[in-house]
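Q: Could you have a look at this structure, given as structure tokens, before my questions?
Rule-based calculations on the coordinates, nothing more; no lab input. This is a predicted model, so every value here is computed, not measured. Every residue, glycine as well, gets a Cβ built from its backbone with ideal geometry; the counts of neighbours run over all protein chains shown.
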Amino acid sequence: MNSAARDRIRTEIQALSAYHVPEVGEVVKLDAMENPYPWPDESLRADWLKTLATVTANRYPDPRAQDLRARLRAHLALEDDQRLLLGNGSDELIQLITLAVARPGAKILVPEPTFVMYRMIATFCGVECIGVPLQRDFELHLDAMEAAIAEHDPAVIWLAWPNNPTGNLWPREAVHRILRSAGGLVVIDEAYQPFAGDSFVGELGRWDNLVVLRTLSKLGLAGLRLGALAGPADWLDQIDKLRLPYNVNVLTQASAAFALDHFERLEEQAAIIRAERDRLQASLGQLAGITAYPSAANFILLHVPRGRARPIFDGLLDEGILIKCLDGSHSRLADCLRITIGTPEENARLEQALEAQLQPG
Ligand SMILES: *Cc1c(COP(=O)(O)O)cnc(C)c1O
């Protein structure tokens, strides 16, 4: 790096390594919690293209995405006093929330391990991130969380519900305790809600510091990049000021509206994925030396014999199957792998390949 860049790029940015997305050829892709089924499916494709043909790409998008937001409000059954903000993926909304609270000395708090973007984006914004370790069984350590809240007074507490990468859904009572203790905002990130079947959306309005984050990504539309944040005006009207005016493009607005009109298709796929998850959880748990943690999401966290996570990951890649190796990313994730639920055929291939990796010799 030349000295001009070195002197001017913030030190904490220079210290970061860029978010790594592996580049691989043709593989069974079970690393990124995508829905394995293409969408729209064959029968809807022509209708979808007809909708897209009406889009005017020479004009800027509706900056407030009125039509799409109205449909999403209805879909979420939001009360009139709750606001809804859209983002270019929920990642953008995480960034907007963090930017909005990034006063000098501001902190955010996360249980860890959790979704890494909360901490990364805090670093981007010059906000300190306080991590409170989860318990051994990945439950929230409530006493430690409350002590950290009292000590640091975080502007935002991030709770991925279900949690990524552990897959579990913390008891509602535990989340209530945090909502009561928090002096700042509590974000319930429901990226995996379609696979959990539970939500905090119904509690919006009961708490003045609760907001709920959703995304279409894990449900089957990761390529569209659409996230949504629901919550009270006191918070959202301020956060909205930071949103770049045309953050959700015309193709995404039209496609997401179309998807909501055919939502039952996505729900059918989610149901298949949930059933496969439960089947896989039971069968992988039978493999010698493997713990398959219970999951309310579209992935399963696996604990494998000591020192075997990386060799198994590499062995599966040799077989054309890409998963996620979490070993080394956090002390609680030593010897851990994460697999995304694929199609039944992909899952069967994974099971066979994993079993082969575990054979002695
Ligand atoms: C995948 C994921 C997201 C990111 O979703 P996008 O809408 O694709 O940006 C947000 N939160 C959690 C917990 C996730 O796992």
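Q: If you place +1 on the Cβ of every Lys and Arg and -1 on the Cβ of every Asp and Glu, how big does the dipole about the Cα centre of the chain come out, in debye to the nearest 20?
A: Computed charge dipole of the chain: roughly 720 debye.
Q: For region 105-128 and region 266-324, compute the distance between their C-alpha centroids and round to whole Å.
A: 28
Q: Which residue fluctuates most in the GNM of the chain (Cα springs below 10 Å): Leu260, Leu219, Leu159?
A: Leu260
Q: Can you give me the long-range amide H partners of Ile157? Hydrogens built in the peptide plane at 1.01 Å from N, cutoff under 5 Å, separation of 5 or more residues or another chain.
A: Leu109, Leu185, Val186, Val187
Q: Given H placed 1.01 Å from N in the peptide plane, which residues other than close sequence neighbours of Ala228 have an amide H under 5 Å from its amide H?
A: Amide H to amide H, under 5 Å and 5 or more residues apart or across chains, Ala228 pairs with Gly87, Arg214, Thr215.
Q: While we're looking at this one, here's another question. Of all the stretches in the chain, which is the longest one without any exposed loop site, taking GluC sites (Glu not before Pro) in a DSSP loop (any state but H, G, I, E, B) with at most 10 other Cβ atoms within 10 Å?
A: Values: sites that count: Glu23, Glu26.
Longest run free of exposed loop sites: 27-361.
Q: Related question: Under 4 °C and 1.567 mPa s, how fast does the chain diffuse according to Stokes-Einstein, given a Kirkwood radius computed over C-alpha pairs? Answer in µm²/s, whole number. Kindly include the intermediate steps, with their values, before the conclusion.
A: On the way: Rh = 21.7 Å.
Reported coefficient: 60 µm²/s.
Q: Hey, what's the per residue convex hull volume over the C-alpha atoms of region 130-222, in cubic angstrom? Numbers along the way, then the final one.
A: Working: hull volume 9.4 nm³, N = 93.
Hull volume over Cα atoms, normalised by residue count, gives 101 Å³.
Q: For region 42-160, what log10 I(q)/I(0) values come out of the Debye formula at q = 0.11, 0.13, 0.17, 0.19 1/Å, with one point per alpha carbon and no solvent?
A: -0.58, -0.73, -0.97, -1.06
Q: Filter the chymotrypsin sites (Phe, Trp or Tyr not before Pro) in region 190-288 to those in DSSP coil with at most 14 other Cβ atoms within 10 Å of their Cβ, and list the result.
A: On the way: sites: Tyr192, Phe195, Phe200, Trp207, Trp235, Tyr246, Phe258, Phe263; in loops: Tyr192, Phe200, Tyr246.
Taking region 190-288 and a limit of 14 other Cβ atoms within 10 Å, the loop chymotrypsin sites (Phe, Trp or Tyr not before Pro) found are Tyr246.
Q: Right, something else. Obtain the nm distance between the two label points defined at Ile13 and Ser329 by a simple spin-label model: each point lies 7 Å from its Cα along the Cα-to-C-beta direction.
A: It is 2.5 nm.
Q: Now for a separate question. Quick one: which residues, 5 or more positions from Val132 or on another chain, have an amide H under 5 Å from its amide H? H modelled 1.01 Å from N in the peptide plane, none for Pro or chain starts.
A: Val110, Glu112
Q: Also, quick follow-up: What translational diffusion coefficient, to the nearest whole µm²/s, does region 271-361 have by Stokes-Einstein, given a Kirkwood radius computed over alpha-carbon pairs, a temperature of 10 °C and 1.306 mPa s viscosity?
A: Numbers: Rh = 13.1 Å.
Answer, rounded: 122 µm²/s.
Q: Testing the spin-label approximation: label points 7 Å from Cα along Cα→Cβ at Asp153 and Asp137. State their distance in nm.
A: In this crude spin-label approximation the distance works out to 3.6 nm.
Q: In sequence order, what are the phi-derived ³J(HN,Hα) couplings for region 276-281 according to the Karplus relation 6.51 cos²θ - 1.76 cosθ + 1.60 with θ = phi - 60°, rounded to whole Hz, with x for glycine and proline?
A: These are the phi-based 3J(HN,Hα) values: 5, 4, 5, 5, 5, 4 Hz.
Q: Dipole size in debye (nearest 20) for region 2-137 around its Cα centre, Lys and Arg Cβ +1, Asp and Glu Cβ -1? Could the numbers behind the result be given before it?
A: Details: 16 positive and 19 negative charges, 114 e Å.
The calculated dipole for region 2-137 is roughly 540 debye.
Q: I would also like to ask the following. P(r) of region 215-332 in 10 Å steps, Cα pairs, percent per bin?
A: 10, 27, 27, 23, 12, 1
Q: What fraction of the DSSP beta bridges in region 171-269 is antiparallel, stated in percent and rounded to the nearest 5?
A: Details: 4 of 9 bridges.
The answer is about 45 percent antiparallel.
Q: Report the equivalent ellipsoid semi-axes for region 259-307 in whole Å, largest first, defined as the square roots of five times the eigenvalues of the gyration tensor built from alpha carbon atoms.
A: On the way: eigenvalues 177, 20, 7 Å².
Taking √(5λ) for each eigenvalue gives 30, 10, 6 Å, largest first.
Q: What pairs from Lys50/Lys324; Lys241/Lys324; Lys218/Lys324 go past 27 Å between their alpha carbons? Each step should come with its number before you reach the end.
A: Working: Lys50/Lys324 37 Å; Lys241/Lys324 36 Å; Lys218/Lys324 16 Å.
With Cα atoms farther than 27 Å apart: Lys50/Lys324; Lys241/Lys324.
Q: Provide the per-residue ³J(HN,Hα) series for region 102-110, in order, calculated from phi with Karplus coefficients 6.51, -1.76, 1.60 and θ = phi - 60°, each as a whole number of Hz, with x at glycine and proline positions.
A: Coupling constants for region 102-110: 6, 6, x, x, 5, 10, 10, 10, 9 Hz.
Q: Across region 343-350, in residue order, what do the Karplus-derived ³J(HN,Hα) couplings come to in whole Hz, using 6.51 cos²θ - 1.76 cosθ + 1.60 with θ = phi - 60° and x for Gly and Pro?
A: Working through the residues one at a time gives 6, x, 5, 5, 5, 5, 4, 4 Hz.
Q: Now, a different point. Given springs between every Cα pair under 10 Å in a Gaussian network model of the chain, which of Ile13, Ile178, Ile157 has the largest fluctuation?
A: Ile13
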